[in-house]
Amino acid sequence: MQDKLNQIKSDYLNQINKANSLSQLDQVFLRLFGKNGEITILPKDFPSLAKNELKVIGPLFNFVKQELEKAIDEKRHQVKEAGYKTLATEEWNPDQLIEIKKRQGQLHPISEFEKKIADLFIKLGFQQFDGPQVDTDLNNFELLNIPPQHPARDMWDTFYINSGGNQNKLLLRTHTSNTQIHVMKELKPPFRMMTIGRCFRYENLDARHEHTFDQFEIIYVDRKLSMANLQYLSEYLLKGMFVDDISVRLSPGYYPFTEPSAHIFGTCVFCKSKGCKICGNTGELELAGAGMIHPNVLKNCGIDPEEFSGIAWGVGPGRMAMLKYDVSDLRSFNSADLNFLKGLSSESK
Ligand code: PHE
C-alpha cells in the first residue's frame with residue numbers, strides 16, 4: 001500500500017507538471033478525486049490492513065492527498081497567470097473580430113398605437129392613470145351601477161377568481177371602466193384622466209375577439225360638461241389617429257354607468273362612406289362606447305352630480321389598430337410572428 005501511494009504521488013505530480021491548460025488539470029483532478037478517483041477509492045482497502053500498518057498508511061495517505069491537491073492548485077494558478085500574460089501582450093487585430101449583426105428592437109405595434117393615442121390626449125391636459133387588472137366585483141360592477149344579478153352583467157363575460165366568500169369577490173377586470181371608480185374616489189374634480197390597460201373576458205375567440213385585450217378610456221369630470229364635449233373629443237381622437245376628413249356620429253346606446261350612453265361611429269376609412277366589405281356596406285365603423293357618467297356612479301365616488309358632470313369613453317386600441325394597419329385578425333397581434341410585427345412598425349409605414 002505504501003508503494004502504491006508513493007507511485008500515485010510521483011505519477012500524478014508528473015502529470016500535473018506536464019499539464020498546460022486548465023481543462024487538462026481538471027482531468028487530472030477528476031482521475032484523482034472524482035467519484036472513482038484513485039485517491040477517493042483508496043480508503044476502501046483500509047479495513048483489511050493490520051493495525052500497525054494502518055498507523056503508517058493513514059498519515060501517509062493524508063500527506064499524499066494534500067500534496068497532490070496543493071500541486072494542482074499551484075499549477076492552476078501558474079496556468080492562469082501565463083494566460084493573462086499572453087492576453088496582455090497579444091496583438092489587437094480588428095480583422096479577426098466576428099461581426100455581430102445589429103437587431104434593433106421596436107415597440108409592439110399596439111403599444112406604438114397606444115402611445116400615439118396617449119400623446120394626443122396629453123396635449124389636451126389629460127393625465128395617465130393605471131387601474132388594477134385584478135379588482136373587486138365592487139369596483140368593476142357594483143359601483144358602476146351594475147348590481148349583482150342585474151341582467152346588464154351579461155354584457156361582460158367575466159373571469160371570476162375563486163377568492164372565497166362573496167364579499168368583495170375578485171375578478172379579472174372586464175373593462176378599464178373600473179379605473180373610473182379608482183380615479184373618482186381618489187381625486188377631487190375637476191380632472192382629466194386617461195387610462196390604458198389590459199382587460200379580460202371569457203370570450204369565444206374569433207378574428208375580432210380575444211380573451212385578453214387592451215382598452216383606452218378617458219374620464220373627464222368638470223362643471224357643465226355635455227354631449228357636445230364628448231362629440232368633440234371623439235372627433236379629435238379619430239382625426240388624430242386616422243384621417244382629417246373623418247366624421248363622427250353618436251348613436252344612442254346602453255351602458256349602466258353612463259346616461260345618456262352612445263356608440264361612436266366614424267366614417268369608414270376604407271371606402272370613405274361609400275360602403276364596403278369591412279364596414280358591412282354601412283359606410284361607417286363603430287369605434288367606441290361612451291356617455292355622460294351616470295349620477296349614481298358620481299355619487300358612489302363621493303362626487304356631487306348636481307355640481308359636476310363627467311364624460312367617460314372607451315375604445316379598444318387593438319380594434320382601431322386592425323383598421324389602421326388593415327389587419328384582418330386581431331389575434332395576429334399576439335402571435336409573436338416577428339415578420340408580421342416588423343411589417344407594422346412605424347418605420348415601415
Ligand atoms: N366599458 C365599456 C365596455 O367595455 C366601454 C365604455 C367606457 C362605455 C366608458 C361607456 C363609457 O364595453
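Points to keep in mind about this one:
- Candidate set: region 291-323, residues that are of a type in the set (Gly, Ala, Ser) and either in contact with a His (Cβ under 8 Å, 6 or more places away or on another chain) or closer than 30 Å to residue 341 by Cα (or both); chosen: the one farthest from the ligand (Cβ to nearest atom): 321
- Check on residue 218, part of a loop (DSSP other than H, G, I, E, B), in the same structural domain as residue 300 (by TED's automatic domain parsing) and surrounded by 14 or more Cβ atoms within 10 Å (Cβ to Cβ): no
- Checked against the criterion of being closer than 26 Å to residue 122 by Cα, without any contact (Cβ under 8 Å) to a residue 12 or more places away in the chain and either in a loop (DSSP other than H, G, I, E, B) or not assigned by TED's automatic domain parsing to the domain that holds residue 334 (or both), region 257-266 contains not a single residue that satisfies it.
- Considering (1) out of contact with any Asp or Glu (no Cβ under 6 Å at 6 or more places or on another chain); (2) in contact (Cβ under 8 Å) with a residue 40 or more places away in the chain; (3) basic (Lys, Arg), the lone condition that residue 173 does not fulfil carries the number (1).
- Applying the condition of being in contact with a Ser or Thr (Cβ under 7 Å, 6 or more places away or on another chain) and not hydrophobic (A, V, I, L, M, F, W, C) to region 129-145 and asking which residue is surrounded by the most Cβ atoms within 10 Å (Cβ to Cβ) yields 140.
- Here 204, 168 are screened, and the one residue that is modelled with pLDDT under 95, at positive phi and loosely packed, with under 14 Cβ neighbours inside 10 Å is 168.
- Which numbered condition residue 281 fails, given (1) more than 16 Å from the ligand (Cβ to nearest atom); (2) surrounded by 20 or more Cβ atoms within 10 Å (Cβ to Cβ): (2)
- Only one of 225, 237, 230, 250 that is part of a loop (DSSP other than H, G, I, E, B) and within 16 Å of the ligand (Cβ to nearest atom): 225
- In region 22-39, the residues that are of a type in the set (Gly, Ala, Ser) and in a helix (DSSP H, G or I): 23
- Scanning region 178-191 for residues that are out of contact with any helix residue (DSSP H, G or I) (no Cβ under 6 Å at 6 or more places or on another chain) and within 12 Å of the ligand (Cβ to nearest atom) returns 179, 180.
The values are calculated or read from the model by the stated rules, or taken from the named source; none is laboratory data. No experiment lies behind these values; they were computed from the predicted model shown. Note that each Cβ is placed from the backbone with ideal geometry, even for glycine, and that neighbours are counted across all protein chains shown.
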